[in-house]
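This report concerns only the one structure given below.
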Amino acid sequence: MLIQFPAKRSTLCFLLLLQAVNGCSNFQTHTNDSGKANQNESISNKNGGDADALPKNLDSKSWTEKLDGMKASAANIATNVNQLNLYLSQMFEVKNALCASQAELFSTCIVHTPLSPSVWRAAAVCRAEQRVWDNRTYRVRIQGVSGRFQLVLDNSIESGAFDAGEEKIITWTSTGTRELRDLKLSDVGNIKIKALDANLPDLKNAQFTFKVDNTSLLTQEQILYSTRTQSSISVSTLPLIEKLSTPECRVADNELDNLSQEAIARASSPALITAPEEDSQASQEQTSTLFEEWLFSASRLQQSRTDTFLAVAQDISRLRRDLRGDLQLGCWGKEPIRTIELRIKGNHLPLSDWDRGSTRKPLTSIANPRQTTVDLGGGLRFTNPDENLFPLFRDEGRWLLNVSSDLTLGDMHSIQIKKEGVSYRSFKNCWSTWGGLRTACEWQNRESDRYQLLSLSVLINGEQFYQRDSIQFDFQKSSLTWIEKELTANPSYIDLMRRRDCPVRLNPL
């Protein structure tokens with residue numbers, strides 16, 4: 001039986017998992033119940049048995065009930081494994097079809113160039129011996145100033161150093177937890193020019209180009225002068241985002257749907273596995289061993305197939321995202337940011353339980369425990385100096401900010417809220433020992449000024465830009481920073497970027 005999909009396009013967001021995931025959840029349930037129970041039972045019998053082990057001689061009724069249970073478990077596992085095998089056969093066909101489409105798309109779309117082609121090829125979802133982007137190079141040039149520079153991507157990936165003047169081929173190095181093998185240029189949200197040997201010079205009269213091979217992607221027109229610090233300045237990535245919305249950089253949803261349906265139709269049906277048959281000539285002990293060993297082996301096979309299913313499903317999800325492009329950037333992406341409104345729902349949490357590992361002395365506060373910083377990227381950073389004086393983490397916290405910047409809505413790719421310190425309230429607790437002859441004391445240190453983030457809305461220029469409920473994040477010593485890395489996947493962001501009703505801007509007379 002093939003996986004059947006609804007005909008309406010709106011319900012085909014992720015074709016393969018609409019029915020398959022439901023099946024997978026059932027498989028996992030069976031694994032955790034009947035399959036795992038019988039697996040554990042099999043192991044215990046092999047190790048000498050326990051209170052629940054099957055005795056060698058049961059009365060007829062008990063034996064029949066026990067055997068019926070093992071038969072039912074075996075039938076369930078056989079059904080689940082056969083369904084998984086069928087789904088996997090179809091999913092591998094879909095993945096192969098999407099990989100072929102990806103190779104064609106990435107060959108024409110320069111923005112999809114991996115940051116490290118040789119490493120990315122070895123770790124990518126789709127593998128091939130040689131691909132067109134394997135020999136692509138990143139090139140950069142700054143003219144009109146002097147000094148040494150580097151490019152920094154998402155504050156965690158650095159290029160090699162380059163001198164002003166000549167165009168230079170650059171390579172990338174990760175300085176954080178993100179691995180180059182997983183990243184393409186299209187995965188980057190923020191680009192900065194950083195001065196290495198002195199303060200950043202004035203770049204307003206400089207010429208800047210950033211290329212892949214001979215294709216210019218960014219120039220001095222994208223330099224955001226309002227973001228300049230002593231050592232760095234941001235570059236707008238809007239041209240990259242706009243390219244990702246063009247036909248050569250994305251595959252339409254209906255094309256992806258057709259590719260998937262055709263691949264499913266090509267899939268072959270794997271050979272079926274069957275539960276063991278009872279041998280009427282075998283003893284109870286022999287029959288019990290037969291079923292126990294089969295259940296043990298089949299349960300492990302079921303878990304292996306389930307793990308593979310989930311891995312392939314994740315691969316397909318990533319392929320579809322890369323192929324269709326999650327952004328269709330419209331005119332709102334080019335709107336300058338004028339106002340930002342944060343709407344926060346949260347709480348001030350009570351004192352924590354006291355720290356039993358630190359009782360010899362009172363704990364002192366660290367940094368600024370009542371201060372919180374909101375970082376929206378591109379130099380848009382705002383600080384609330386005292387949560388007690390201006391509470392944001394409450395039922396209806398609201399913070400309206402006026403912005404003076406040349407950043408646009410399309411330049412924003414992340415949100416970060418950070419609590420800038422930790423504070424404690426310390427209570428000295430003493431008691432008598434040695435029949436009142438001595439006194440012992442300890443400090444009960446409880447963390448204070450803890451906050452809870454429940455939901456967050458961000459409005460830019462009065463338009464809903466981001467909305468997320470059910471966050472449930474506690475700001476305390478073990479978790480001082482909350483980060484939304486997938487801002488561009490938020491439904492509010494996508495809805496706004498797809499709108500075409502931007503304000504009309506008249507040219508001055």
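The values are calculated or read from the model by the stated rules, or taken from the named source; none is laboratory data. Predicted, not measured: the structure shown is a model, and the values here were computed from it. Positions of Cβ are generated from backbone atoms using ideal geometry, with glycine treated the same way; all protein chains shown enter the neighbour counts. In case anyone asks, the SASA skips ligands and DNA or RNA and just uses the protein heavy atoms, side chains included. Shrake-Rupley method; radii C 1.70, N 1.55, O 1.52, S 1.80 Å.
Odds and ends about this structure:
- Rounded, prolate or oblate (a/c below 1.5 giving rounded, otherwise prolate when a/b exceeds b/c) for the stretch 116-228 by Cα gyration tensor: prolate
- Between helix 36-46 and the chain there is an angle of about 50 degrees, using the helix long axis and the longest principal axis of the Cα atoms.
- Solvent exposure of the stretch 402-448 amounts to 53 Å² per residue of accessible area, where only protein heavy atoms count and the probe is 1.4 Å.
- Extending 7 Å from Cα along the Cβ direction at Lys485 and again at Ala161 yields two label points whose distance is 3.0 nm.
- Extension gain, Gln314 back to Gln261 (0.36 nm per residue minus Cα-Cα distance, nm): 17.3 nm
- Computed over the stretch 370-509, Kirkwood Rh from alpha-carbon pairs, angstrom: 18.4
- The stretch between Ala72 and Cys502, if pulled fully straight at 0.36 nm per residue, gains 148.6 nm over its current Cα-Cα span.
- When you restrict to C-alpha pairs under 8 Å that are six or more residues apart and normalise by the size of the chain, the relative contact order lands at 15 percent.
- Value of relative contact order over the stretch 288-441, rounded to a whole percent, pairs C-alpha under 8 Å and six or more apart: 29
- Kirkwood Rh in Å, taken over the stretch 413-495 so that all alpha-carbon pairs contribute: 16.3
- Linear extension gain, Thr108 paired with Leu290, 0.36 nm per residue minus alpha-carbon span: 59.8 nm
- Remark: for residue pairs Lys418/Lys477; Lys168/Lys334; Lys243/Lys418, the C-alpha separation exceeds 22 Å in Lys168/Lys334; Lys243/Lys418.
- Along its three principal directions, the equivalent ellipsoid of the stretch 178-251 from the Cα gyration tensor extends over semi-axes of 25, 15, 11 Å, largest first.
- Solvent-accessible area, 1.4 Å probe, carbon plus sulfur percent, for the stretch 128-214: 40
- Value of Rg to Rh for the chain, rounded to two decimals, is 1.08; Kirkwood radius and Rg both from alpha-carbon coordinates.
- FRET efficiency estimate (nearest 0.05) - Cβ-Cβ, Gln452 to Arg127, R0 51 angstrom: 0.70
- When each of the peptides 359-370, 456-467 is scored by the mean number of other C-beta atoms lying within 10 Å of its residues, the order from highest to lowest reads 456-467, 359-370.
- Per-selection metrics, the stretch 68-155 (Cα): Rg and Dmax in Å: 23.3, 84
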